[in-house]
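Single-structure report; data block below.
The values are calculated or read from the model by the stated rules, or taken from the named source; none is laboratory data. Everything quoted here is computed from the prediction, not taken from an experiment. Because the Cβ atoms are built from the backbone with ideal geometry, glycine has one as well, and the counts that use them run over all protein chains shown. Only protein heavy atoms, including side chains, enter the accessible area calculation; ligands, DNA and RNA are left aside. Shrake-Rupley method; radii C 1.70, N 1.55, O 1.52, S 1.80 Å.
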Amino acid sequence: MRILRLIAVFACVWLSTHSAIAQPLSLPDDVRQFLADHPTIRVRTLSAFPPFLFDQDGTKQGISIDYITLAARKLGLTIVPSEPMSFADVLRRLPQGDGIDVQPTMRATPDRHGGILFSKPYSTFPLIIVTRSDAPFIGGLDDLSERRVVAETAYWYTEEIRKFHPAIKLRTVPSSGDALRLVSQGDSDAYVGVLPVATWHMEHQGYTNLKIAAPADLTSAEFSFAVRGDWPLLARALDLALDSITAEEHRQIRQHWLNIPAQIGLDPMTVTLWGLAGVLVALLIMGGFALANRRLIREIHLRRQAEAQLRTSEETSRQLLDASTDACMLFDVDGTMRGCNQVFAGRFGIDPQTVPGTSLWDYFPPDVTAQRRLAVAQVVNSGVPQTTIDARGDRHLSNSIYPLKDAGGVVRRVAVYSRDITERVLAEQKIRDYVAEIERSNEDLEQFAYVASHDLREPLRQIASFVSLLERRYGHQLDEDAGQFIAYAREGVHRMDQLILDLLDYSRIGRDTALAPVDSRKPLKTAIDNLKASLAESGGGVHCQDPLPTVLASEPQLLRLFQNLVGNGLKYRREGIAPRIEISASTDASTGMATFTVSDNGIGIEAEYYDRIFGIFQRLHGRTQYPGTGIGLAICKKVVERHGGRMWLDSVPGQGSNFHFTLKLASH
C-alpha cells in the first residue's frame, strides 16, 4: 500500500505542475458592472457546422463552443442555450436580442455590421475546392467553368462565386455534409467550402474517394463572435477575453480539432507512456528496496534483543548499518546518535567511531534542523514510517524514516536510510526533455504534412495551368504531335498529383488509433453507398452475408478497408461480365478473431504476385488498361495490421480473387 501511495503522490505532483491556473481579467469598471448586471448570456448552440459548431450524442461541441466557453469562463459568465432558430432567423433577431445574445460563429460582412456587433476574429481558414479522387486535374475556380459546383446556402462565398465566376453551374444545399455527399456520389463535380469543414466531413463520413484539389481564390473564413446590437459592452468584454487567451490555449483548441499527425518518426504519446512506465518501474524498485529495508529493520529489532542478552548491541547495529549502500543512521527520539554507517560519515567527512553520543541536529544548518525535527516528531508520534525528498544543490536525496519500538510498542529509537537519487531524478528530467523535444519535432512534422498536402502541389497546379494556357492560345498553330505532347504533360501532372495524395493517404493510416466495438455492417453499407457511381457504371452488384460480426476497430479505417476491396473488385472486372462482389465472415471464439472474405469474379491474380500486390505503388497492369497508382491494397494491409490482424488472398486467374483478413471480435 505504501508503494501505491508513493505512486499516487508522484502522479498528483506531476499533474499539478501541468495544470493551468486561471488568472482573473483586469476589466474596466463599466464592463465589470455590465457583466455583474448580465451574468447569463444566451448562445446559439444548435447548429450543424462541424468542426466549429455541432451536436454529437447530445453534447454541443466544436471549435467555436470551446472558444465561447473559454471566454465565458474568463469573464465569469454563465452560458444557456438560446431558442432554436435558423441562421436566417439569427440575422433577423440578433440585433434586438430577440431570444439570443451571442452567435458563436459568424463572419463579419459589411451588410451585417449595421445591426450586429462583432468581436475580434478568433480563427481564420482558407477556402478550398474538393473533387472526386478520379476527377481531372483542377488548378483553381477558372477550371470549373461550365461544371457542376455545390456550396452551402446563404454563405458569403456562395455569393462571391455567383459574382466573380458566373460560368460555374452553382447549386446550393443546406449543409456542407449534403454538399460533399453529392460530390462523392458523382451528382456534382466539385464542392467549394472552408478547409476544416471539408476535411472533418471527409475524415468522419468516410469520403475516401474525395480529395482537396486546389485552393479557392475567395475571401477566407474569418470567424468572430456575433453580439446583439444593443450590448456593445459585451462585445468589448469578449474582445478582452480573446486577448487574454494564451498561445498554449489556442494551440490546445486547434490541436484537439485540427491536428494532422504525421506517421513519421516517434509517436510522442508512445514515448510519454514509456517514460512514465520507466518512472513507475523506478518507483517500484524503490518500493522493493523500502520493503527490503523494513525487513532489515525487523532484523535490527531482533538483534537488539540479542544485544541486550549478549551486550553487543552497538557493534551489531554498526555492522547492520554498514551493510547498506544508503547513508544510514540510528538515533534516540531526542536526536542522540547511536551509530551510523560509512556512507553517512563520508557525506559529512567524519569518522563513524566519533558519531555515537553526538546530536544529529548538530550536523545540519538551523533551517534544515527544524525540518528534520518536525519529520522525526511526526514519525515518533504516529508510529508510521515516512519518506521525505531533499534537494541540496545538484544532489537529490530520498530519506526513509522508520520508528523502532520496544516490546511495549513504544518508539524508542529512529532509523533513517538516506538514498542518493540524483541519477534517477536526472533520468526522469531527461525523459521529460526527450518527450518535449519529440513533441516539438512532431509539430514540425505535422506542419510538413500540411505543406505536402497543399504547398508542394502548387507547382503542379502552375504547370497544369500554363499547359492549358499554351493549348488555348497556340493550339491551332501546333501540329498533331505537339497536341499529343501537351496531353502527355497534362496526364503526367495529374498522375503526380494523385501520387502525392495517395502517399499522404498511406501515411495517415493509423490516425484513428482509438478502437471501439463497431458493427461491420455499418461501414460496409457506407462504402457501398460511396461506390454507387462505380456500381452503376459497371452494372455490378454486391452481396453481403447477414449478419456480420461486431469487431474492435476504428470505423473510418474499416470503411476505407471495405471501400478499397469492393472498389478493386469493380475495377478489375472481366470484359463483358458484370462484376459481382460477395462479402462473408466467420468467427473463432477460441482466438477471439473474425475472418472476413471479399470475393469477386474478376480477372484474378497469378500466385507469383500474391506478395507483390500488397507493396506500395505495385501494379500488375498498365495505366491505360486499369487506372490507379497501385497503393490501394497497401493501404488495406496497413489498416488490417494496425488493428492487430493479418491479410492474405487466394485467386484463380480468369475466374476471380478472394481477399481474406482478420479482426478482433468486440466480445472477446
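Summary table
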| read-out | value |
| --- | --- |
| Amide H contacts under 5 Å for Arg646, placed H, 5+ residues apart | Thr662 |
| Spacing of the two label points (7 Å from each Cα toward its C-beta) at Met496 and Glu575, in nm | 3.3 nm |
| Per-selection Kirkwood Rh - segment 111-204 (Cα, Å, 1 d.p.) | 14.2 Å |
| Two-site FRET efficiency, Asp89 against Ser145, from Cβ-Cβ distance with R₀ of 51 Å, rounded to 0.05 | 0.90 |
| Pairwise FRET efficiency - Thr246 versus Leu469, Cβ, R0 = 51 Å, nearest 0.05 | 0.60 |
| Cα→Cβ-extended label distance, 7 Å offset, between Ser382 and Arg347, nm | 2.1 nm |
| Difference of contour (0.36 nm per residue) and Cα-Cα distance, Arg612 to Ser590 | 4.8 nm |
| Cys340, Cys544, reordered so the largest accessible area comes first (probe 1.4 Å) | Cys544, Cys340 |
| D (Stokes-Einstein, µm²/s), Kirkwood Cα radius, segment 347-410, 0.890 mPa s at 25 °C | 179 µm²/s |
| Inter-site label distance for Thr336 and Lys163 at 7 Å from Cα along Cβ, in nm | 9.6 nm |
| Partner lysines for Lys522 [C-alpha distance under 18 Å; skip if fewer than 8 residues away on the same chain] | Lys532, Lys664 |
| His165 accessible area, 1.4 Å probe, all protein chains in place, Å² to nearest 10 | 40 Å² |
| Computed lengthening from Ser441 to Arg521, 0.36 nm per intervening residue step minus Cα-Cα distance | 24.9 nm |
| Integer Hz, Karplus 6.51/-1.76/1.60 couplings in order for segment 174-185, x for Gly and Pro | x, 9, 5, x, 5, 5, 5, 5, 5, 5, 4, 8 |
| Alpha carbon centroid spacing (whole Å) that separates segment 207-234 from segment 351-403 | 63 Å |
| Residues with amide H under 5 Å from that of Thr105, placed H, sequence gap 5 or more | Ala226 |
| Two-decimal ratio, segment 553-598, of alpha-carbon radius of gyration to 2.2 N^0.38 Å | 1.45 |
| Placed amide H near Arg147: partners under 5 Å, 5+ positions off or other chain | Lys169 |
